[in-house]
Amino acid sequence: MSRFHLVWLNQSLTEPFQPLFEIIYACEIFLIVSFILLSPFACYAILKATPLHQNVRLLFSTMVLHGLLAAVARLVLLAHQFIDDTFESTSMSRLTAASVAREISFGYFMILLLFISSERAVATFAWSWYESQADSTLEVFVIQFTVVVLYSITTAFFSVYEVYSMNTHVLVFAVTLTLGALCFFKLLSHNLNELQLLKGRRHDNYGYTISRSYQIRENLAVFKIFRHLAVPCLLMAVPAFLFFILYWWIPVDAGWNTTRLVCIALYDFWLAAYDMMLLVTLISADERFQKSLRQLRAFQRLFDFLRPTITPRPSDASRENESNVYFSLLSKDLKL
(Lines give C-alpha, C1' and ligand atoms only; values in the text may rest on other atoms or scores of the structure.)
Protein backbone atom coordinates (compact mmCIF):
# COMPACT_ATOMS: atom_id res chain seq x y z
CA MET A 1 0.00 0.00 0.00
CA SER A 2 1.38 3.39 -1.02
CA ARG A 3 1.84 6.02 1.67
CA PHE A 4 1.81 9.80 1.64
CA HIS A 5 4.66 10.84 3.94
CA LEU A 6 4.96 14.43 5.14
CA VAL A 7 8.57 14.77 4.02
CA TRP A 8 9.00 17.07 1.07
CA LEU A 9 12.74 17.69 0.96
CA ASN A 10 16.02 15.81 1.30
CA GLN A 11 19.73 16.58 1.18
CA SER A 12 20.07 15.90 -2.54
CA LEU A 13 17.41 18.53 -3.34
CA THR A 14 18.62 21.25 -0.96
CA GLU A 15 22.43 20.82 -1.17
CA PRO A 16 22.84 23.13 -4.21
CA PHE A 17 21.27 25.98 -2.21
CA GLN A 18 23.40 25.85 0.93
CA PRO A 19 23.09 27.48 3.40
CA LEU A 20 19.55 28.75 2.60
CA PHE A 21 17.64 25.67 3.71
CA GLU A 22 19.95 25.07 6.67
CA ILE A 23 19.05 28.55 7.97
CA ILE A 24 15.33 27.82 7.57
CA TYR A 25 15.76 24.46 9.33
CA ALA A 26 17.70 26.08 12.19
CA CYS A 27 14.97 28.69 12.77
CA GLU A 28 12.28 26.02 12.62
CA ILE A 29 14.11 23.75 15.08
CA PHE A 30 14.57 26.66 17.48
CA LEU A 31 10.82 27.32 17.46
CA ILE A 32 9.96 23.63 17.85
CA VAL A 33 12.33 23.10 20.78
CA SER A 34 11.08 26.29 22.44
CA PHE A 35 7.51 25.07 22.08
CA ILE A 36 8.37 21.66 23.55
CA LEU A 37 10.12 23.25 26.54
CA LEU A 38 7.29 25.72 27.24
CA SER A 39 4.38 23.32 26.72
CA PRO A 40 4.46 21.76 30.23
CA PHE A 41 4.30 25.22 31.82
CA ALA A 42 1.38 26.18 29.58
CA CYS A 43 -0.51 23.01 30.57
CA TYR A 44 0.21 23.74 34.24
CA ALA A 45 -1.13 27.30 33.89
CA ILE A 46 -4.29 26.12 32.13
CA LEU A 47 -5.10 23.26 34.51
CA LYS A 48 -4.63 25.53 37.55
CA ALA A 49 -6.89 28.27 36.13
CA THR A 50 -9.83 27.87 38.51
CA PRO A 51 -12.75 28.58 38.73
CA LEU A 52 -12.85 27.98 34.94
CA HIS A 53 -14.77 24.77 34.33
CA GLN A 54 -12.63 21.61 34.52
CA ASN A 55 -13.72 20.47 31.05
CA VAL A 56 -12.71 23.81 29.55
CA ARG A 57 -9.30 23.54 31.18
CA LEU A 58 -8.90 20.02 29.85
CA LEU A 59 -9.96 21.17 26.38
CA PHE A 60 -7.37 23.95 26.33
CA SER A 61 -4.74 21.49 27.58
CA THR A 62 -5.45 19.13 24.68
CA MET A 63 -4.70 22.03 22.32
CA VAL A 64 -1.22 22.29 23.79
CA LEU A 65 -0.74 18.50 23.79
CA HIS A 66 -1.69 18.19 20.12
CA GLY A 67 0.71 21.00 19.31
CA LEU A 68 3.34 19.04 21.23
CA LEU A 69 2.49 15.91 19.23
CA ALA A 70 2.98 17.82 15.98
CA ALA A 71 6.27 19.30 17.21
CA VAL A 72 7.78 15.94 18.14
CA ALA A 73 6.57 14.38 14.88
CA ARG A 74 8.15 17.20 12.91
CA LEU A 75 11.52 16.63 14.60
CA VAL A 76 11.37 12.98 13.48
CA LEU A 77 10.54 14.05 9.93
CA LEU A 78 13.38 16.60 9.95
CA ALA A 79 15.81 13.91 11.07
CA HIS A 80 14.68 11.80 8.14
CA GLN A 81 15.30 14.72 5.77
CA PHE A 82 18.88 14.99 7.02
CA ILE A 83 19.65 11.27 7.12
CA ASP A 84 17.61 10.28 4.05
CA ASP A 85 17.62 6.52 4.79
CA THR A 86 14.45 5.92 2.82
CA PHE A 87 15.08 2.27 2.05
CA GLU A 88 15.47 1.03 5.62
CA SER A 89 12.32 -0.63 6.94
CA THR A 90 12.74 0.78 10.46
CA SER A 91 13.15 4.27 9.02
CA MET A 92 10.00 3.83 6.93
CA SER A 93 8.06 2.77 10.02
CA ARG A 94 9.22 5.87 11.92
CA LEU A 95 8.44 8.04 8.91
CA THR A 96 4.90 6.63 8.65
CA ALA A 97 4.28 6.97 12.40
CA ALA A 98 5.51 10.57 12.41
CA SER A 99 3.40 11.45 9.37
CA VAL A 100 0.29 9.94 10.98
CA ALA A 101 1.01 11.76 14.25
CA ARG A 102 1.35 15.10 12.47
CA GLU A 103 -1.84 14.51 10.50
CA ILE A 104 -3.65 13.65 13.74
CA SER A 105 -2.65 17.06 15.06
CA PHE A 106 -3.87 18.74 11.86
CA GLY A 107 -7.20 16.91 12.13
CA TYR A 108 -7.60 17.91 15.76
CA PHE A 109 -7.22 21.60 15.00
CA MET A 110 -9.69 21.33 12.12
CA ILE A 111 -12.38 19.87 14.39
CA LEU A 112 -11.46 22.07 17.36
CA LEU A 113 -14.28 24.59 16.82
CA LEU A 114 -16.82 21.76 16.77
CA PHE A 115 -15.22 20.38 19.95
CA ILE A 116 -15.54 23.75 21.69
CA SER A 117 -19.08 24.28 20.40
CA SER A 118 -20.31 20.88 21.56
CA GLU A 119 -18.81 21.38 25.02
CA ARG A 120 -20.31 24.85 25.35
CA ALA A 121 -23.66 23.58 24.01
CA VAL A 122 -23.88 21.22 26.98
CA ALA A 123 -22.86 24.08 29.28
CA THR A 124 -25.59 26.28 27.73
CA PHE A 125 -28.55 23.89 27.72
CA ALA A 126 -27.72 21.73 30.76
CA TRP A 127 -26.29 24.57 32.81
CA SER A 128 -27.83 23.68 36.16
CA TRP A 129 -26.08 20.30 36.26
CA TYR A 130 -22.96 21.27 34.29
CA GLU A 131 -22.11 24.33 36.35
CA SER A 132 -21.76 22.17 39.49
CA GLN A 133 -18.57 20.60 38.01
CA ALA A 134 -19.58 17.26 39.52
CA ASP A 135 -17.53 14.20 38.57
CA SER A 136 -20.30 13.15 36.21
CA THR A 137 -19.71 16.25 34.06
CA LEU A 138 -16.28 14.86 33.20
CA GLU A 139 -18.06 12.20 31.14
CA VAL A 140 -19.03 14.94 28.68
CA PHE A 141 -15.38 15.71 28.01
CA VAL A 142 -14.45 12.02 27.72
CA ILE A 143 -17.18 11.31 25.16
CA GLN A 144 -16.51 14.43 23.10
CA PHE A 145 -12.75 14.02 23.18
CA THR A 146 -13.12 10.38 22.09
CA VAL A 147 -15.11 11.49 19.04
CA VAL A 148 -12.49 14.15 18.24
CA VAL A 149 -9.65 11.62 18.52
CA LEU A 150 -11.48 9.10 16.30
CA TYR A 151 -12.03 11.81 13.68
CA SER A 152 -8.37 12.87 13.82
CA ILE A 153 -7.03 9.33 13.61
CA THR A 154 -9.37 8.41 10.76
CA THR A 155 -8.48 11.42 8.62
CA ALA A 156 -4.79 10.90 9.39
CA PHE A 157 -4.79 7.27 8.25
CA PHE A 158 -6.94 8.06 5.21
CA SER A 159 -4.44 10.73 4.18
CA VAL A 160 -1.15 8.95 4.89
CA TYR A 161 -2.31 5.59 3.48
CA GLU A 162 -3.94 7.40 0.53
CA VAL A 163 -7.40 5.97 1.07
CA TYR A 164 -8.59 9.22 -0.50
CA SER A 165 -6.87 11.98 -2.44
CA MET A 166 -5.30 15.15 -1.09
CA ASN A 167 -8.16 17.18 -2.62
CA THR A 168 -10.70 15.09 -0.70
CA HIS A 169 -8.62 15.48 2.47
CA VAL A 170 -8.68 19.26 2.13
CA LEU A 171 -12.43 19.19 1.39
CA VAL A 172 -13.14 17.14 4.55
CA PHE A 173 -11.13 19.62 6.62
CA ALA A 174 -12.89 22.59 5.00
CA VAL A 175 -16.37 21.18 5.68
CA THR A 176 -15.44 20.34 9.28
CA LEU A 177 -13.98 23.79 9.90
CA THR A 178 -16.97 25.56 8.33
CA LEU A 179 -19.48 23.54 10.35
CA GLY A 180 -17.53 24.25 13.53
CA ALA A 181 -17.43 27.99 12.82
CA LEU A 182 -21.21 28.09 12.19
CA CYS A 183 -21.93 26.27 15.47
CA PHE A 184 -19.46 28.46 17.35
CA PHE A 185 -21.01 31.77 16.25
CA LYS A 186 -24.56 30.45 16.66
CA LEU A 187 -23.83 29.56 20.30
CA LEU A 188 -22.07 32.86 20.86
CA SER A 189 -25.12 34.74 19.59
CA HIS A 190 -27.45 32.63 21.74
CA ASN A 191 -25.45 33.31 24.91
CA LEU A 192 -25.31 37.05 24.22
CA ASN A 193 -29.09 37.09 23.84
CA GLU A 194 -29.53 35.10 27.05
CA LEU A 195 -27.35 37.53 28.94
CA GLN A 196 -29.40 40.46 27.65
CA LEU A 197 -32.56 38.77 28.90
CA LEU A 198 -31.04 38.37 32.34
CA LYS A 199 -29.91 41.99 32.42
CA GLY A 200 -33.17 43.45 31.16
CA ARG A 201 -35.58 41.43 33.32
CA ARG A 202 -38.07 41.85 30.48
CA HIS A 203 -39.98 38.65 31.16
CA ASP A 204 -41.61 38.00 34.51
CA ASN A 205 -41.54 34.27 33.95
CA TYR A 206 -37.85 34.21 33.04
CA GLY A 207 -36.06 32.10 35.63
CA TYR A 208 -33.28 34.37 36.82
CA THR A 209 -30.66 32.66 38.99
CA ILE A 210 -27.14 33.57 39.99
CA SER A 211 -25.89 30.21 38.72
CA ARG A 212 -27.43 30.86 35.32
CA SER A 213 -25.77 34.26 35.12
CA TYR A 214 -22.44 32.76 36.10
CA GLN A 215 -22.71 29.97 33.49
CA ILE A 216 -23.54 32.41 30.69
CA ARG A 217 -20.62 34.63 31.68
CA GLU A 218 -18.31 31.61 31.67
CA ASN A 219 -19.57 30.68 28.19
CA LEU A 220 -18.82 34.19 26.98
CA ALA A 221 -15.40 34.12 28.66
CA VAL A 222 -14.51 30.92 26.77
CA PHE A 223 -15.79 32.37 23.50
CA LYS A 224 -13.77 35.53 24.19
CA ILE A 225 -10.59 33.49 24.60
CA PHE A 226 -11.11 31.88 21.20
CA ARG A 227 -12.02 35.17 19.60
CA HIS A 228 -8.73 36.47 21.04
CA LEU A 229 -6.99 33.56 19.29
CA ALA A 230 -8.92 33.83 16.02
CA VAL A 231 -7.28 36.86 14.37
CA PRO A 232 -3.61 35.92 14.98
CA CYS A 233 -4.37 32.28 14.08
CA LEU A 234 -5.97 33.36 10.81
CA LEU A 235 -3.12 35.73 9.98
CA MET A 236 -0.57 33.00 10.64
CA ALA A 237 -2.52 30.27 8.82
CA VAL A 238 -2.95 32.16 5.54
CA PRO A 239 0.79 32.32 4.61
CA ALA A 240 1.25 28.63 5.49
CA PHE A 241 -1.72 27.74 3.28
CA LEU A 242 -0.38 29.82 0.40
CA PHE A 243 3.11 28.28 0.69
CA PHE A 244 1.62 24.77 0.51
CA ILE A 245 -0.70 25.62 -2.39
CA LEU A 246 2.21 27.04 -4.39
CA TYR A 247 4.27 23.92 -3.74
CA TRP A 248 1.40 21.58 -4.57
CA TRP A 249 0.10 23.31 -7.70
CA ILE A 250 3.32 24.37 -9.42
CA PRO A 251 4.32 21.51 -11.77
CA VAL A 252 7.73 19.98 -11.14
CA ASP A 253 8.78 20.51 -14.76
CA ALA A 254 7.54 24.13 -14.97
CA GLY A 255 10.99 25.62 -14.33
CA TRP A 256 9.98 26.92 -10.91
CA ASN A 257 11.37 24.05 -8.87
CA THR A 258 13.50 26.30 -6.63
CA THR A 259 10.40 28.33 -5.75
CA ARG A 260 8.53 25.10 -4.95
CA LEU A 261 11.27 23.89 -2.60
CA VAL A 262 11.55 27.23 -0.77
CA CYS A 263 7.77 27.39 -0.40
CA ILE A 264 7.49 23.97 1.22
CA ALA A 265 10.43 24.70 3.55
CA LEU A 266 8.75 27.96 4.60
CA TYR A 267 5.46 26.08 5.02
CA ASP A 268 6.97 23.83 7.70
CA PHE A 269 8.75 26.78 9.32
CA TRP A 270 5.50 28.76 9.39
CA LEU A 271 3.66 25.89 11.09
CA ALA A 272 6.31 25.89 13.82
CA ALA A 273 5.86 29.67 14.20
CA TYR A 274 2.08 29.14 14.26
CA ASP A 275 2.34 26.68 17.17
CA MET A 276 4.56 29.05 19.13
CA MET A 277 2.25 31.99 18.47
CA LEU A 278 -0.75 29.90 19.54
CA LEU A 279 0.91 28.99 22.83
CA VAL A 280 1.81 32.58 23.71
CA THR A 281 -1.55 33.98 22.59
CA LEU A 282 -3.48 31.35 24.53
CA ILE A 283 -1.73 32.16 27.81
CA SER A 284 -2.16 35.90 27.24
CA ALA A 285 -5.87 35.47 26.43
CA ASP A 286 -7.05 35.14 30.01
CA GLU A 287 -5.84 36.63 33.29
CA ARG A 288 -6.41 33.30 35.06
CA PHE A 289 -3.77 31.57 32.96
CA GLN A 290 -1.24 34.28 33.75
CA LYS A 291 -2.14 34.17 37.43
CA SER A 292 -1.36 30.44 37.46
CA LEU A 293 2.00 31.03 35.81
CA ARG A 294 2.89 33.65 38.41
CA GLN A 295 2.87 30.89 41.01
CA LEU A 296 6.13 29.72 39.45
CA ARG A 297 9.02 31.87 40.62
CA ALA A 298 10.74 32.16 37.24
CA PHE A 299 7.58 33.37 35.54
CA GLN A 300 6.78 35.71 38.41
CA ARG A 301 10.13 37.42 37.80
CA LEU A 302 9.39 37.56 34.07
CA PHE A 303 6.00 39.20 34.65
CA ASP A 304 7.57 41.66 37.08
CA PHE A 305 10.17 42.53 34.45
CA LEU A 306 7.53 43.00 31.73
CA ARG A 307 5.00 44.79 33.93
CA PRO A 308 6.00 48.36 32.91
CA THR A 309 5.58 47.48 29.22
CA ILE A 310 2.24 45.67 29.34
CA THR A 311 -1.23 46.92 30.09
CA PRO A 312 -2.98 44.83 32.72
CA ARG A 313 -6.24 43.25 31.65
CA PRO A 314 -9.22 44.31 33.77
CA SER A 315 -10.65 41.26 35.47
CA ASP A 316 -12.70 41.86 38.59
CA ALA A 317 -13.72 38.23 38.86
CA SER A 318 -10.10 37.10 38.96
CA ARG A 319 -9.59 39.08 42.14
CA GLU A 320 -12.47 37.37 43.91
CA ASN A 321 -12.24 34.16 45.84
CA GLU A 322 -14.07 31.30 44.24
CA SER A 323 -16.53 31.26 47.14
CA ASN A 324 -17.47 34.93 46.45
CA VAL A 325 -17.67 34.86 42.67
CA TYR A 326 -21.46 34.37 42.54
CA PHE A 327 -22.07 37.40 44.73
CA SER A 328 -19.67 39.49 42.66
CA LEU A 329 -21.55 38.60 39.48
CA LEU A 330 -24.91 39.31 41.08
CA SER A 331 -23.68 42.72 42.21
CA LYS A 332 -22.57 43.52 38.65
CA ASP A 333 -25.96 42.51 37.24
CA LEU A 334 -27.89 44.67 39.71
CA LYS A 335 -25.88 47.73 38.67
CA LEU A 336 -26.81 47.32 35.00
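The values are calculated or read from the model by the stated rules, or taken from the named source; none is laboratory data. Remember, it's a predicted structure, so these values are computed and weren't measured experimentally. Note that each Cβ is placed from the backbone with ideal geometry, even for glycine, and that neighbours are counted across all protein chains shown. Ligands, DNA and RNA are stripped out before the accessible areas are found, and what is left, the full protein with its side chains, is counted by its heavy atoms. Shrake-Rupley method; radii C 1.70, N 1.55, O 1.52, S 1.80 Å.
Could you order peptides 284-295, 5-16 by the average number of other Cβ atoms within 10 Å of their residues, highest first?
284-295, 5-16
What are the extents of the Cα atoms of the stretch 162-291 along their three principal axes, listed from largest to smallest and rounded to whole Å?
That gives 73, 35, 24 Å along the principal axes, largest extent first.
Quick one: Debye curve from the C-alpha atoms of the stretch 1-73, no solvent, what's log10 I(q)/I(0) at q = 0.11, 0.19, 0.21 Å⁻¹?
With one equal scatterer per Cα and no solvent, log10 I(q)/I(0) is -0.46, -0.85, -0.93.
Of all the Cα-Cα pairs you can form in the stretch 95-251, what percent are over 25 Å apart?
43 percent
Report in % the part of the accessible area of the stretch 1-101 that belongs to carbon and sulfur, leaving out ligands and nucleic acids; probe 1.4 Å.
71 percent
Within 13 Å, Cβ to Cβ, of Ile32, how many net charges do the neighbouring residues add up to if Lys/Arg are +1 and Asp/Glu are -1?
-1
How big is the stretch 55-154 on each of its three principal axes, counting only the C-alpha atoms and giving the largest first in Å?
If we take the Cα atoms of the stretch 55-154, the spans are 58, 21, 20 Å.
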